[in-house]
Amino acid sequence: MFRPEPPRLFTLNTSAWLALELCSGRSPGELERAYLDETVPPLDAEVARRRLHDALDLLLANGMIERLAGTGWHAGEA
Amino acid sequence: MTSSIRNPMQLESPIKVTISFTHTCNLDCRHCYAACTREPSSRELSTDEWLAFIDYLYDYDVIALLFEGGEPFHRPDFMDVVRHCARRFMVRIRTNGTLVTPDLARDLRQAGVGTVLVDVMGAQAATHDLLTGVPGSFGRALAGVRALLDAGVPTQLLLILNRHNVAQAQDWLELAHALGVRRAGILRLYPIGRVKARWREMALSLDEMMTALGGLKVPHGLTLMQSWHPHDGNCCWQMAAVNAYGDSIGCSYLRELVHYGSIREVPFLETWTHPLYRELRAGRVEKACSSCTDSQASCGGCRATAFAFHGRWDAPDPFDAALNEGTDLRALPSWMLSACPRPPATAGS
């Protein structure tokens, strides 16, 4: 994943990659449902939720997604 | 090739591409891999051809470009190309640093360049200038590094280890640290281009290299990159490179050894499917060093140096201490001295 500003390449783990793939255009609830659809099973729903939120925190902290007012997230260009 | 060891990963298309933007340079390095000239060949891709190629790569999801040369800043249209692709790709530029002024460094920062890698060929001016063939180039390279750092451009130093600078490797690390760079790389000497004619003068034995590397004390705050054991990866699985004439060559270090097609004649991704290219990406090798395989998830070490010393694509990389098996790296096989080297068994085929 390429973040243009400041320029840096990231290697994503599978949780972060899936969160990034699913997040654009989805509300927080829709994103959580989509993520759980893809990962439960084999993951337990609580584990999957925790992984999703950890991944979103990481993506947000590194400027790869942005939170849109009231609607959810938007992924930057890869 | 019948080897059963192979790389675990396969890419459908490259994620990063090396672009040898020009085969011209303002220096006369005795180790030059591109056998550069001052004036450009009429065969070099034009600005428009490069821009179209870069757009093509963007459309096919390439995310990182490494520009090198020659000396990329020696070609007047280089910054136009940089501005076209920075912020769309992670852009890295390898340069001799001598043409980087404070204004240019600020332009690079403004454009959004990711990293600039500067070749500094020793810790002392006499050594660097001897190797570059141009008096004063050491001072100008260091001035370029300082300008880049002052402008806030992430900057790294590179050293190609050879007989002229091996005794200065520790001092070179101290120099890198004193300049304020955070990462520095020590690279092996590859038998390509102009250096082949000087191989006996410049090449070290593997023992000499490993002793020099093993004795280094990396200053606190500096990260050292090196590609010898236990970091001798076989990068072919992810490599793509195009030279200044538009030839798809897989990797800059394979530049004389392979030709997968011209991007002037076929789309780049058609060259990606060339049988030899696919074979090298598959990484089938006779032997692999387990430490290097573990660290890089790829097998057998560098294919360019394996082929140069053994004449086989699946041979062990003799720069890897675990795979060297007595190969004297100071003695280059005579067939490698030709402009387009082919081992005796395949010459003329």
Can you work out which of the residues in the stretch B:85-111 that are surrounded by fewer than 20 Cβ atoms within 10 Å (Cβ to Cβ) and within 14 Å of chain A (Cβ to nearest Cβ) is nearest to residue B:178 (Cα to Cα)?
B:109
Scan the stretch B:55-83 residue by residue and report those that are more than 19 Å from residue A:10 (Cα to Cα) and surrounded by fewer than 19 Cβ atoms within 10 Å (Cβ to Cβ).
B:55, B:56, B:59, B:76, B:77, B:79, B:80, B:83
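To keep it simple, each residue is scored yes or no on (1) surrounded by 13 or more Cβ atoms within 10 Å (Cβ to Cβ); (2) more than 14 Å from every other protein chain (Cβ to nearest Cβ); (3) in contact with a helix residue (DSSP H, G or I) (Cβ under 6 Å, 6 or more places away or on another chain).
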residue: A:3; (1), (2), (3): yes, no, no
residue: A:9; (1), (2), (3): yes, no, no
residue: A:14; (1), (2), (3): no, yes, no
residue: A:31; (1), (2), (3): yes, yes, yes
residue: A:34; (1), (2), (3): yes, yes, yes
residue: A:37; (1), (2), (3): no, yes, no
residue: A:42; (1), (2), (3): no, yes, no
residue: A:46; (1), (2), (3): no, yes, no
residue: A:49; (1), (2), (3): yes, yes, no
Could you please find all residues in the stretch B:187-204 being more than 18 Å from residue B:169 (Cα to Cα) and of a type in the set (A, V, I, L, M, F, W, C)?
B:192, B:195, B:197, B:199
Against the condition part of a loop (DSSP other than H, G, I, E, B), surrounded by 21 or more Cβ atoms within 10 Å (Cβ to Cβ) and not acidic (Asp, Glu), how does residue B:326 come out, does it pass?
no
Of a type in the set (Asp, Glu), free of Cβ contacts under 8 Å to residues at least 60 places away in the same chain and exposed (fewer than 14 other Cβ atoms within 10 Å of the Cβ), is that true of residue A:66?
yes
Say we look at the stretch B:112-144 and pick out the residues that are within 14 Å of chain A (Cβ to nearest Cβ) and not hydrophobic (A, V, I, L, M, F, W, C); which of these is surrounded by the most Cβ atoms within 10 Å (Cβ to Cβ)?
B:114
Filter the stretch B:54-90 down to the residues that are assigned to a strand (DSSP E or B) and within 27 Å of residue B:42 (Cβ to Cβ) and list them by number.
B:65, B:66, B:67, B:68
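Values in this text are rule-based calculations from the coordinates and carry no lab data. The structure presented is a predicted model; accordingly, all values stated were derived computationally and were not measured. Reconstructed Cβ throughout: ideal geometry from the backbone, glycine too, with neighbour counts over all protein chains shown.
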